[in-house]
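Novice: Dropping a structure here in C-alpha cells format, bear with me for questions.
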Amino acid sequence: MPKLTINGEPVELTDLDPRTPLLWVLRDSLNLTGTKFGCGIAQCGACTVHVNGTAMRSCSVAIGSLEGREVTTIEGLSPDGSHPVQKAWAQMNVPQCGYCQTGQIMSAAALIASNPEPDDDAIDSFMGGNICRCGTYPRIRAAILSAAQEARQ
Amino acid sequence: MGSSLNIGAPVTRRGFLASLAAGSLVLAARVSPASTLLAVVGQDGSDTAFEPNLWLSIDPSGAVTIVTHRSEMGTGIRTSLPMVVADELEADWARVTLRQAIGDARYGDQNTDGSRSVRQFYEVMRVAGAAARTLLERAAAEIWGVDAAECKARLHEVHHAATGRSIGFGELVARARTLEAPAEGELTFKTPAERRYVGQPVPIVDLADMVTGRATFGIDARREGQLFAVVARSPVLGAPLKSVDDTAAREVAGVVDVLTIPGYEGVHGFQPLGGVAVLANSTWAAIAGRKALKLEWGESDNDSYDSEAFEREMVATSRRAGTSWRTAGDTAAAFEAADEGSVHEADYYVPLLAHASMEPPAAVAEVTVDEDGKAIRCEAWAATQNPQAAQEQVAATLGLELADVIVNVTLLGGGFGRKSKPDYVAEAAWLSRATRRPVHVTWTREDDIRHDYYHTVAAVHMRAAVDERGMPTAWLQRSVFPPIFSTFAPGMTSPSDFELALGFTDVPYVLPNLTVESGDAPAHVRIGWLRSVAHIYHALAVCSFPDELARRAGRDPYEYLMELLGEDRLLDLEGVQYPNQGESLERYPFDVGRLKAVTKRVAQMAGWGRELPKGKGLGIACHRSFLSYYATVVEVDVDRRGALTIPKVWSVLDAGLILNPDRVRAQMEGATAFGASLALHGEITAVDGAIQQSNFHDYKVARMYDSPRAIECEIVSSEALPGGVGETGVPPFAPALCNAIAAATGVRVRRLPISKTDLRWS
Ligand code: FES
Ligand code: FES
C-alpha cells in the first residue's frame, strides 16, 4: 500500500484497493470531507486537490498511483483560511451554496501559483473545469484577480 | 390557546431543546405573527435562559440564539431571516448564534421553495425580535423603577437616557423571564432609518466554513458505524425488478450487503423509486459493487416514451384548440377579420431539464428497531429543502408516527427544487431499518441525471394578427406540458391554474382580443419543479414573441415592448383563475408600472439603441415572477462560424423590501448563469423510456467561459411588501438571449437549447 503525505502528515493506507480514487479515501476513510464529489469523471472540479502542487481531480486519481506524493486538500491549504485565495473569497462573498467552492479555491490557488498574473482568458481556461451550478463565476473571477494581486505583493 | 399563554413561566433550556429535538409540545398550528408570541414552551426547571418565543433565546451571559428554520441552499436565507430578528431585538450580531431547526410543523412552512421565505416570514421574524426587545426594555424599567417608554434597547443593552444608565441583555434575562408576553398591538417596529442589519450586505454565517472545507452538507453527514449505499434504479420509470444476480457485487472488496428496496405503490410522489441497494464501507466500494450487479427489469407503460416523437406530438397539440383560461374581446373574429399577411405564428419548445445541483441528493438515517426488527424511531441528517416532507415520507415508509421521526437539516449543495422531494431520505431510512445500522445514501451524478424529478418539457404556440404598426389586433397563446401534478395524481395530464399562472395567464400586454389556452400531455418520467418552474417556457414564448413582432414591423424591440405593455396600471385579472403565489391581488397586485420601470431602467443601463456591428446584438426581456419584477438586457457576440459568447448582461430587480442586498445581487448573478445553462445547453432526452444523458459531459451546464463575462445588477430600493428573489432572474434570461441572437444574426431561436441551432451567418 502506498505511503504518501496528506496535508503534511505521512499516511500509510492499508486494506484499500489501490484503484480506489483518492477522493473516496479522503472522504470516507480519512473523513476529510472538504473535498467534494460532483461527477466522479473529472468533469466538474468539485474534488480538486493539489498533488505535488498541481491541481488534480481526486475522483480520477487512483490511490495506488500516489506513492511518495504530497497531497494537499482544502483542509491543508492554510491552517486558518488565510491563504490569499481564501481571503479574497471571503472578502468578496463568493460562495452561494458553497459546495463547489473548495474545489474552486484549490483550482484558483494552483492557477495563481503557476501564473501570478492571470488575465481573463487564462482564468476562463484554467477554471473551465470547475462547475458552479449556483453561478458564482463573476465573483470567482474577481476574487482570483484580487488574490493574485495580493499574492504578488 | 391564547389563555394558555405561559410566557412568564420559567423555561428550562434543557426543556426547550428537548422539545425541539422531540418535536413534542406543538403549540402553534399556523405560524403567524400573532402565534409567534404564543409559541413558548414553559417547563419547570433550573435553567435560566430567557425564551420569549419559538425563535430565540438569550442566556444570562447575553448570548443570543436564533432559530433558523429554512434550508440553506445558496440564497443566504439561513442568515437573512435571523438578521431580521436580531435587528428588531437590537442584538449585537457578533453575539448571535444560529440553530438550524429540525423539520417540525411548529415553525410553519419549512419548504424552502417558491421564493417565499422572506415574503412569508419577514413579519414573523420582526414580531419575534420586537417582542423580545419589548420584554427586555420592560425588565430594565422594573429594575430601575422608571417608565418602560423611557427605556430603549441599543446594541445588546437597554439604556435609560434621562439618567445615563445602561444594562446588558444578559443581566436582564432573569427579570425578563418573569414578564407577561406583550400583545401584538403593543409592539413597535423600527423605521427604515433605524435598521441595523436589514438592508445591509451582511456576510453569510457559513462563509468561513465554506472557504475552509468545514461546511457540512448532506453528503458529508456521518454517523458512527454507518454504511455507505448507492442504489440501482430502473432505467424506465415504473419498470419492476425481474431478477437480481448479486454474486459478483458481493465479492467486491468492502461490500457488506445487497438489498432490494421495494418499488413505490400507486403514484410515485415522494416515495423511493425502489431498486437494488449496495451497502459498503465506502461510497466507492458501493459504486463498484453496483457496477457488478446483474439486473433485469420488467415492462413499464413508459417503455415506448421517445422524447423526439413526443416533441412532435406536443407541438401538434399546441396547434389544436385547447382548454381556455383567459379571454378578452373576440379573438376568433379578430383573426377572421385580419389579412393573411398580417398573421404571425411561432412555436416555442423547451425540453426536459435536470436540476443537477452540485451536491447530488444525499442523506444519512439512523433507525432504532425493536427486537422484531420493527422501526421505533428514526433520525436523519439530510440535504433537504423540505424537512417536514422528509419527516412525513420517512414516517410513511417505516410506518412510524411523525413524532418518532427527526429530520436534521444540513447545508445543501444547491437544491433548485430537487431537494424538496425527499425520496432519498426515505431510501436511507428503509436501508437503516433493514441493516440496523446508520446508512448514508449518495446519489451519483448518473443517478441524479437519470432519475430526477425533471423540469417538464413544454411546447408553446403563439399566434397574432397585427395592424399596420405591428401592434396585435388578435393574440392567441397555448401551452402544452406534462403537469407537475402527474407526480401526485395518477394519469394527470392537464395543467393546473398554478402552473399556468406562472407567466402565462398573466400576460401583461395590451391585447384587445386575447385567448389563453392549454393542452394536455401525459408524463413518462417523474415531473418536478425547477428554479422558476413553468416561467421558464412561458417567459421564453411571451417575451420572445413581441421581439419577433417588433422586428417583423421593422420597429425597435424595446420601444415596441413598452408600447405593448401600455399604461401604468394594475393588470386586470378579474375572472381569471390566478393563484398569485397564494397571495391576494390586493396585497400583491400585478403592477405593470413596476414592470415597465425595471425595463426602462435596464435599457438605460445597457445603453439601448447604440449601433452594434453585425454579429453583435442586444436583447431585452421583462417578466414578473414570484411577485417580483425583473428585466434583463443580454449582449451577445456571435462569430461567422456561429460560436456564441455573452460579453455582458444587465439586470434590474424590484422585489420590494430587500433584507440582504449582497445576497440578492448574488441571486441575480446566479440566476443569469442558471439561465445560461438552460438556454445554451440543457436537454434531457429519452429513448425507449430511458434517459439518454448521465453526467456533465452529455448534460452540459454553463461553465465560466460560456457564462456571461460581466453582469451588472441593480436592485430597486423599495419598502413595498417583499416578493421573491431566488428564482425571479431566471425566466427573462433565455428570451433576452434569443432576442439578442436575432438582433446579432437574424436567426430566431425558438427551441432550446440554443446549442442545437446553427448560428452561422455571412
Ligand atoms: S468529482 Fe472529480 S471532477 Fe467532478
Ligand atoms: S456555490 Fe453552489 S455550486 Fe458553486
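The values are calculated or read from the model by the stated rules, or taken from the named source; none is laboratory data. Quick caveat: nothing in here was measured; it's all calculated off a predicted structure. Quick reminder, even Gly has a Cβ in these numbers, built from the backbone with ideal geometry, and neighbours come from all protein chains shown. Note: accessible area is taken over every heavy atom of the protein model, side chains too, but ligands, DNA and RNA are not part of it. Shrake-Rupley method; radii C 1.70, N 1.55, O 1.52, S 1.80 Å.
Novice: Test of the criteria: in the range A:59-153, which GluC sites (Glu not before Pro) are in a DSSP loop and have at most 13 other Cβ atoms within 10 angstrom of their Cβ?
Specialist: Answer in residue order: A:Glu67.
Novice: Per DSSP H run of n ≥ 4, the term is -39500 (n - 2.57); total these for chain B, divide by its residue number, and report the mean residue ellipticity at 222 nm rounded to 500 deg cm²/dmol.
Specialist: Working: 19 runs with 212 residues, N = 762.
That comes out to -8500 deg cm²/dmol.
Novice: Another question, then. So which GluC sites (Glu not before Pro) in the range B:577-665 are both in a DSSP loop and have at most 13 other Cβ atoms within 10 Å of their Cβ?
Specialist: Within the range B:577-665, the qualifying GluC sites (Glu not before Pro) (loop, at most 13 other Cβ atoms within 10 Å) are B:Glu586, B:Glu611.
Novice: Shifting gears a bit: Residue farthest toward the positive end of the dipole of the protein assembly as shown, with Cβ of Lys/Arg at +1 and Asp/Glu at -1: which of B:Thr632, B:Gln693, B:Leu644?
Specialist: Positive-most Cα among the choices belongs to B:Leu644.
Novice: Go through A:Ile63, A:Ser107, A:Asn7 and say which Cα lies farthest out towards the positive end of the charge dipole of chain A; charges sit on Cβ, +1 for Lys and Arg, -1 for Asp and Glu.
Specialist: Going by the Cα projections, it comes out as A:Ser107.
Novice: Further, regarding this structure: Pick out which of A:Thr73, A:Thr136, A:Thr102 has the largest mean-square fluctuation in a Gaussian network model of chain A, springs linking Cα atoms closer than 10 Å.
Specialist: A:Thr136
Novice: Which of the residues in the range A:110-153 lose at least 30 Å² of accessible area when you go from the chain alone to all protein chains together (probe 1.4 Å)?
Specialist: Hits at the 30 Å² cut-off: A:Asp124, A:Gly128, A:Ile131, A:Arg133, A:Cys134, A:Gly135, A:Tyr137, A:Pro138, A:Arg139, A:Arg141.
Novice: While we're here: For the interface of chains A and B, what total accessible area is buried with a 1.4 Å probe, rounded to the nearest 100 Å²?
Specialist: So the total buried area for this chain pair works out to about 4400 Å².
Novice: Assigning unit charges at the beta carbon (Lys, Arg +1; Asp, Glu -1) and nothing else, what dipole magnitude in debye, to the nearest 20, does the protein assembly as shown show about its Cα centre?
Specialist: I would put it at about 1280 debye.
Novice: Sort chain B into rounded, prolate or oblate with this rule: let a ≥ b ≥ c be the square roots of the eigenvalues of the Cα gyration tensor; rounded if a/c is under 1.5, and if a/c is not under 1.5, prolate when a/b is larger than b/c, oblate otherwise.
Specialist: Verdict is oblate for chain B.
Novice: With a 1.4 Å probe and every protein chain left in place, work out the accessible area per residue of the protein assembly as shown in Å², rounded to a whole number.
Specialist: Ligands and nucleic acids excluded, the result is 35 Å² per residue.
Novice: Here is a further query. State to the nearest 20 debye the size of the charge dipole of the range A:1-95 about its Cα centre, where the only charges are +1 on K and R beta carbons and -1 on D and E beta carbons. Don't jump to the answer; show the numbers that get you there.
Specialist: Values: 7 positive and 9 negative charges, 72 e Å.
Computed charge dipole of the range A:1-95: roughly 340 debye.
Novice: Something else: Can you flag which of A:Lys3/A:Lys36; A:Lys36/B:Lys419; B:Lys190/B:Lys596; B:Lys600/B:Lys648 are past 25 Å Cα-Cα? Please list the in-between numbers first.
Specialist: Working: A:Lys3/A:Lys36 23 Å; A:Lys36/B:Lys419 18 Å; B:Lys190/B:Lys596 31 Å; B:Lys600/B:Lys648 18 Å.
Distance filter (> 25 Å) returns B:Lys190/B:Lys596.
Novice: Another question, then. Is the shape of the protein assembly as shown rounded, prolate or oblate, going by the alpha carbon gyration tensor and its root eigenvalues a ≥ b ≥ c, with a/c under 1.5 for rounded and a/b larger than b/c for prolate?
Specialist: Rounded is the answer for the protein assembly as shown, as its axis ratio a/c remains below 1.5.
Novice: Of all trypsin sites (Lys or Arg not before Pro) in the range A:1-105, which ones are in loop regions per DSSP and have a Cβ with at most 13 other Cβ atoms within 10 Å?
Specialist: Working: sites: A:Lys3, A:Arg19, A:Arg27, A:Lys36, A:Arg57, A:Arg69, A:Lys87; in loops: A:Arg19, A:Lys36, A:Arg69.
Within the range A:1-105, the qualifying trypsin sites (Lys or Arg not before Pro) (loop, at most 13 other Cβ atoms within 10 Å) are A:Arg19.
Novice: In addition: Whenever you get a sec, compute what percent of the accessible area on the range B:606-762 sits on carbon and sulfur atoms (1.4 Å probe).
Specialist: 49
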